[in-house]
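**Student:** One structure, as structure tokens, below. Some questions next.
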Amino acid sequence: MMLMESKENDFSTWTDEDGNPIQGFRHPNRPENKFKPFRKRQGGTYKADILITDIIEMYQEAYKDTKTVILDKKLHRKILEDYYKLLMEGMIYKAKVYELGCGLGHLYIQKKKMKLQYLQMENKMQLDYRTSMASETKVFHLNEHTNGFRMKFKWSKTGSQRFANKYKYLFLATRHNKRALAKRLLTDKTADYLL
């Protein structure tokens, strides 16, 4: 099959050798882009090029002729909240590892043995305030309920060659998810995660 390129070099006007138009990489129902998705950066260090409102506008413009659900800001947010809730529940209660796709790495809960001598030397032991106040001496958390292991949310970026400047990005779980993990570790003694 041979492609015949038009003068404008636009995918929507390409044809095969019989003169039939080729859709290219565009969705068959998607109209031509009539607006610029990228904004010009304005002041500040961390301004976004594409905002949530831009994503919603692109979706509405692309699927305005079809009979799909109309996406607004509240529905978009609800979909994302439900998706991330399911993702975190899978990680906390089923010990799942999630591949992020597009060469972005994996999300999982990491299990790591505490090095007590090092933590004591560096003065990085976590103080148990409730027990310390009751006994009037310093008492530290030794994580005896997990046999001396610490668990934390981990974003592994190994094997993601296409991800430029990956050392600049960080994943921090919300306080709600950290507390859900701590509650699971305190109540379920059989909970086990990756080393």
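**Student:** Which pairs have Cβ atoms under 6 Å, sit 6 or more apart or on different chains, and link a residue in segment 50-65 that is under 16 Å from residue 78 (Cβ atoms) to one that is surrounded by 12 or more Cβ atoms within 10 Å (Cβ to Cβ) and among the hydrophobic types (A, V, I, L, M, F, W, C)?
**Tutor:** Qualifying pairs under 6 Å: 56/71; 59/71.
**Student:** Taking residue 180 as the residue in question, decide whether it is within 22 Å of the chain's Cα centre (by Cα), modelled with pLDDT of 80 or more and over 15 Å from residue 111 (Cβ atoms). Reasoning before the result, please.
**Tutor:** Values: within 22 Å of the chain's Cα centre (by Cα): yes; modelled with pLDDT of 80 or more: yes; over 15 Å from residue 111 (Cβ atoms): yes.
Spelling it out, residue 180 is indeed within 22 Å of the chain's Cα centre (by Cα), modelled with pLDDT of 80 or more and over 15 Å from residue 111 (Cβ atoms).
**Student:** Is it the case, given these coordinates, that residue 70 is at pLDDT below 85, within 30 Å of residue 175 (Cα to Cα) and loosely packed, with under 12 Cβ neighbours inside 10 Å?
**Tutor:** Numbers: at pLDDT below 85: yes; within 30 Å of residue 175 (Cα to Cα): no; loosely packed, with under 12 Cβ neighbours inside 10 Å: yes.
Judged against the criteria, residue 70 is not a match.
**Student:** Further, regarding this structure: So, in segment 78-96, of the ones that are farther than 13 Å from residue 177 by Cα and among the aliphatic types (A, V, I, L, M), which residue ends up farthest from the chain's Cα centre (by Cα)?
**Tutor:** My answer is 95.
**Student:** What single numbered condition from (1) within 25 Å of residue 190 (Cβ to Cβ); (2) at pLDDT 85 or above fails to hold for residue 82?
**Tutor:** Checking residue 82 against (1) within 25 Å of residue 190 (Cβ to Cβ); (2) at pLDDT 85 or above, the one that fails is (1).
**Student:** Can you pull out every residue in segment 92-128 that is under 21 Å from residue 187 (Cβ atoms) and of a type in the set (Phe, Trp, Tyr)?
**Tutor:** Selection gives 93, 108.
**Student:** Filtering segment 163-195 down to residues that are of a type in the set (Ser, Thr, Tyr) and either outside any loop (DSSP other than H, G, I, E, B) or in contact with a Phe, Trp or Tyr (Cβ under 6 Å, 6 or more places away or on another chain) (or both), which residue is nearest to residue 95 (Cα to Cα)? Outline the logic, then answer.
**Tutor:** Going through segment 163-195, the residues of a type in the set (Ser, Thr, Tyr) turn out to be 167, 169, 174, 187, 190, 193.
Those still in the list that are either outside any loop (DSSP other than H, G, I, E, B) or in contact with a Phe, Trp or Tyr (Cβ under 6 Å, 6 or more places away or on another chain) (or both) too: 167, 187.
Numbers: 167: 25, 187: 15 Å.
Across segment 163-195, the extreme among qualifying residues is 187.
**Student:** Would you check if residue 157 is at pLDDT 90 or above and in the same structural domain as residue 104 (by TED's automatic domain parsing)?
**Tutor:** Working: at pLDDT 90 or above: no; in the same structural domain as residue 104 (by TED's automatic domain parsing): yes.
Judged against the criteria, residue 157 is not a match.
**Student:** What is the residue count in segment 73-119 for residues that are at positive phi and surrounded by 12 or more Cβ atoms within 10 Å (Cβ to Cβ)?
**Tutor:** So in segment 73-119, the residues at positive phi come out as 95, 101-103, 105.
After this cut, where a residue has to be surrounded by 12 or more Cβ atoms within 10 Å (Cβ to Cβ) as well, the list is 95, 103, 105.
The qualifying residues number 3.
**Student:** Mind checking which helices (runs of 4 or more DSSP H) fall wholly inside segment 73-162 and carry at least 1 residues that are touching a residue at least 60 places away in the same chain (Cβ under 8 Å) and in contact with a strand residue (DSSP E or B) (Cβ under 6 Å, 6 or more places away or on another chain)? Full working, then the answer.
**Tutor:** Working: elements: 73-94, 116-121, 129-135.
By residue number, 73-94.
Every residue, every condition in (1) modelled with pLDDT under 85; (2) among the hydrophobic types (A, V, I, L, M, F, W, C); (3) within 15 Å of the chain's Cα centre (by Cα), yes or no:
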position	(1), (2), (3)
98	no, no, yes
114	yes, yes, no
119	yes, yes, no
133	no, yes, no
141	yes, no, no
152	no, no, no
161	yes, no, no
164	yes, yes, no
173	no, yes, yes
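The values are calculated or read from the model by the stated rules, or taken from the named source; none is laboratory data. All of these numbers come straight from a predicted model, not from anything done at the bench. Glycine also receives a Cβ, built like all others from the backbone with ideal geometry; neighbour counts cover every protein chain displayed.
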